[in-house]
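The values are calculated or read from the model by the stated rules, or taken from the named source; none is laboratory data. Computed from a predicted model, the values in this text were never measured in an experiment. FYI the Cβ positions are ideal-geometry reconstructions off the backbone, even for glycines, and counts take in every protein chain you see. Each accessible area value is taken on the protein alone, full model and side chains, heavy atoms only, with ligands, DNA and RNA left out. Shrake-Rupley method; radii C 1.70, N 1.55, O 1.52, S 1.80 Å.
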Amino acid sequence: MSILESSTSTSSPPTAGDDAAIAELHAAFKAQRAAFHADRQPSLDERRARIGRLVEMLLGNRERISAALNADFGCHPVPASDLIEVLGPVGRAKYVLERLEEWMRPSAREVDPAVMGSATAYIQYQPKGVVGNIVPWNFPFDLSVGPMIEMLAAGNRVMVKPSEFTPASAALLRDMVSRAFDPTLVYVATGGLELARAFSELPWDHLLYTGSTSVGRQVMQAAARNLTPVTLELGGKCPAVLTPGSVTAASVDHIIATKTIKNGQMCISVDYCLVPRGELRRFVDLAAAFMQRVAADYSRGPDCTGIISPRHLDRLCEMLQEARDRQCTVIDLERDGRVDRTTRRMPMSLVVDPPPDLRIMQEEIFGPILPVIPYDSVDAAIERINAGDRPLGLYVFGDDRPVVDRVLGNVTSGGAAVNACAAQGALPSLAFGGVGASGMGRHHGLEGFREFSNPRGVVVRGTGDHFDAFAAPYAKAAALVKAVLG
């Protein structure tokens, strides 16, 4: 689900609050445009100072961030808040700060001296201008501040729209940013559905959206009216393929542990597993053993993140009930695990070999439900993945490198990991994004810096060239052609 999706089944008319927030949004956008026109090329030192302020902002508000996440999710582990939502973007910032000077340098390009003489050519990475970021609810700080690092590194001004599903986090982000930055440099717009729509319709110099594929299409349509370039990170059904012989305690433990991150509410979480048919029972037994050993009371303890809203919780419960109604084998990995409606904590479940028409096989699950599907050959597993949309992440387990490479080579995905899940999204050096229905464009690292930059090609004329041969009269062109062709 995304911030452009109403929290009710029908759309509500704009409120006075929406109108005021939209008016403020337009004023802030106009002010940022004017500020960018007055300062189009901030220096290296200015950019470093701006990113440094982000680091100070996060570290100085660590406890407030944890409290806001707990308020929004009903239950959110404090160590996870610190590690993912604070130290994650802090590490990303430090990585960028160490390399920004190199990234900002012009990148030389070759020229043909026979035609261009002593001319030089290079790519100059210019700031794009005013950049928007529509943030999802599952990582309210990591996915707002994280991309902001590369946006500011590229010299842009930034406006952020957090999700209405995380009001406490949105209000805190707005407060932190307003204290750390002038609104002509960084601005946070808080509000509901109408504000989100107005946000996507502004004539941005670039727009990043993270959320569902269906709303991603709406965002792209709105952006197209202004010819706004977009980066779309849209999720999807990320598979884990356990190649023959790889159903080990280490592999299964890691897969189930990954599902506990935000209790499955992560775009690069494992959405379903493909397991050799003869090793299916072993997978189930190892998964149950892991939960009993590591988190026997998972949904009743402080390490279980609550589902973001009652509506989202109802959706997950309905999906699981549909599987039971269709006589699927549902394995509860927690003894006496129950849904806690107060904190919205939900226990982990496996669904063994569900039919493809079930909702858990048609929709991105985004919760603590893991379908486990047997396959009879690696090629059949590959074919099953390729029958659906291209996933945001692909996870392949096994020590037989040719088999692993066969899966990697025959499945197109936004990112991938071998003998791990979701690791590709945690590296500040590694480009992150989707392909096809799972998105387009990249952020993180050098690719993120370039995504939010205008790569302008520049030629500096020297001497001894034949530029005049390209214009009338073409007598000189004929001589140049003869010289080139011999």
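Quick look at the numbers
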read-out	value
Leading residue by the ranking (most open to solvent (accessible area, probe 1.4 Å)) among those in region 335-356 that are under 27 Å from the mean Cα position of the chain (by Cα) and not aliphatic (A, V, I, L, M)	PRO356
From the options GLY462, GLY398, residue that is of a type in the set (Gly, Ala, Ser) and buried (at least 18 other Cβ atoms within 10 Å of the Cβ)	GLY398
Restricting region 98-117 to residues that are of a type in the set (Gly, Ala, Ser) and open to solvent by less than 40 Å² (accessible area, probe 1.4 Å), the residue that is nearest to ASN454 (Cα to Cα)	SER107
Residue list for region 351-365, restricted to those being over 19 Å from GLY211 (Cα atoms) and in contact with a Ser or Thr (Cβ under 8 Å, 6 or more places away or on another chain)	VAL351, VAL352, ASP353
Tally of residues being of a type in the set (Asp, Glu) and under 17 Å from VAL230 (Cβ atoms) across region 430-486	2
Index of the failed condition, ALA121 passing every other in (1) among the small types (Gly, Ala, Ser); (2) closer than 24 Å to ALA38 by Cα; (3) in a strand (DSSP E or B)	(2)
Hey, ASP175 in a helix (DSSP H, G or I), at pLDDT 95 or above and of a type in the set (Asp, Glu) or not	yes
Boolean, GLY132 is part of a loop (DSSP other than H, G, I, E, B), closer than 22 Å to PRO229 by Cβ, touching a strand residue (DSSP E or B) at 6+ places or on another chain (Cβ under 7 Å) and at pLDDT 95 or above	no
Cβ pairs under 9 Å, 6+ apart, first in region 42-67 and of a type in the set (Asp, Glu), second open to solvent by less than 60 Å² (accessible area, probe 1.4 Å)	GLU46/ASP39; GLU46/GLY155; GLU56/ALA180
Members of region 143-197 that are in contact with a strand residue (DSSP E or B) (Cβ under 9 Å, 6 or more places away or on another chain), more than 22 Å from ARG53 (Cα to Cα) and open to solvent by 10 Å² or more (accessible area, probe 1.4 Å)	GLY191
Residue list for region 235-260, filter: open to solvent by 10 Å² or more (accessible area, probe 1.4 Å) and under 15 Å from the mean Cα position of the chain (by Cα)	GLY236, LYS237
Cross-chain or 6+ apart pairs with Cβ under 7 Å, region 212-237 first and touching a residue at least 24 places away in the same chain (Cβ under 8 Å), then aromatic (Phe, Trp, Tyr) and assigned to a loop (DSSP other than H, G, I, E, B)	THR228/TRP204
Cβ pairs under 7 Å, 6+ apart, first in region 82-105 and closer than 12 Å to LEU446 by Cβ, second hydrophobic (A, V, I, L, M, F, W, C) and open to solvent by less than 20 Å² (accessible area, probe 1.4 Å)	VAL96/ILE51; VAL96/ILE149; VAL96/ALA153; LEU100/ALA153; TRP103/PHE449
Verdict on LEU485 being more than 21 Å from ILE84 (Cα to Cα), out of contact with any strand residue (DSSP E or B) (no Cβ under 8 Å at 6 or more places or on another chain) and open to solvent by less than 50 Å² (accessible area, probe 1.4 Å)	no
Strands (runs of 3 or more DSSP E) (entirely within region 364-458) containing at least 1 residues that are within 15 Å of the chain's Cα centre (by Cα) and closer than 30 Å to SER144 by Cβ	393-397, 415-418
Selected residue [surrounded by fewer than 18 Cβ atoms within 10 Å (Cβ to Cβ) and of a type in the set (Ser, Thr, Tyr)] from SER214, SER200	SER214
Test: residue in region 155-162 that is farther than 17 Å from GLN41 by Cα, among the polar types (S, T, N, Q) and in contact with a Phe, Trp or Tyr (Cβ under 9 Å, 6 or more places away or on another chain)	no
